[in-house]
1. With a cut-off of 8 Å between alpha carbons and a minimum separation of six or more residues, what is the relative contact order of the stretch 1-80 in percent?
2. Mind checking the dipole of the stretch 1-80: about its Cα centre, +1 per Lys or Arg Cβ, -1 per Asp or Glu Cβ, Debye to the nearest 20?
3. If a paramagnetic tag sat 7 Å from the Cα of residue 8 along the Cα-Cβ line, which residues of the stretch 23-40 would have the backbone N under 19 Å from that point?
4. Under 15 Å from the Cβ of residue 9, count the other residues' Cβ atoms, weight Lys and Arg +1, Asp and Glu -1, and hand me the total.
5. Quick one: Cα convex hull volume of the stretch 1-80, Å³ per residue?
6. If I take the Cα coordinates of the stretch 138-185 and project them onto the principal axes, what are the three extents in Å, biggest first?
7. I want to check the label-to-label distance for residue 126 and residue 141. Put each point 7 Å from Cα in the C-beta direction and report it in nm to one decimal.
Amino acid sequence: MTILELEDNHIQRLSELNRLGALTNIQELVLRDNPVTESHLFRLYAVFRLIHLTRINGDPVTNQERLEAEDLFSNLSNTFFQGSKPPPWVHAHQLPRAPTGFKQLSTQSLSDLKSSALHAKTQNALVAESYLQGIVGHAVVVGHQIQSLNQAWPSLMEEKIGEIVAGLVDEERWAEGILQGMRVS
């Protein structure tokens with residue numbers, strides 16, 4: 001498969017693109033009319049997760065996007081997912097046992113409980129993703145600002161030094177004028 005068209009499939013979160021990473025032959029991805037495409041991180045995240053992409057929604061993937069995606073998401077990926085172990089309470093044998101005399105839940109209440117837990121998990125994931133997108137978005141902006149400052153710094157310093165030297169020259173001329181005035185008198 002080289003083209004994957006998922007137009008208007010109600011894909012909302014960047015994390016939903018993670019599943020597509022296993023499809024290594026995708027060269028073109030079409031996700032028009034999905035809420036996820038409104039995220040300013042969408043293209044970079046898609047490029048990061050699907051490394052063989054050449055086009056997204058008909059537009060070519062640039063080398064600059066590949067570099068930005070790698071810079072942005074590889075650090076986050078390494079920080080949050082590499083070498084991390086799940087907390088001990090995740091393992092079933094370490095969970096506390098129900099007290100004796102615990103009544104069996106009905107199938108309906110178990111289903112309701114699962115549904116509530118899934119809804120809460122989904123809401124928490126949406127909030128966490130929203131915060132993460134905000135943080136990453138600010139990091140991108142700060143990164144661009146630092147890059148701009150690094151590019152502008154030499155000329156700003158040259159200009160400032162030029163102003164200082166010009167001021168010193170003016171002061172020297174002023175002092176010479178006073179000294180000449182004193183010699184003439």
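1. Working: 108 pairs, mean separation 23.6, N = 80.
So the answer I get is 29 percent.
2. Working: 7 positive and 12 negative charges, 45 e Å.
Dipole about the Cα centre, nearest 20: 220 debye.
3. It comes to 29-38, nothing else.
4. Details: positive: 13, 19, 32; negative: 5, 7, 8, 16, 33, 38.
Neighbour charge sum, excluding residue 9 itself: -3.
5. Details: hull volume 6.8 nm³, N = 80.
Each residue corresponds to 85 Å³ of Cα convex hull volume.
6. Cα extents, longest axis first: 66, 14, 5 Å.
7. 2.4 nm
No lab work stands behind these numbers, since they all come straight from the coordinates. This one's a predicted model, so the numbers in the text were calculated from it and none came from an experiment. Cβ coordinates were reconstructed from backbone atoms using ideal geometry, including for glycine residues, and neighbour counts include every protein chain displayed.
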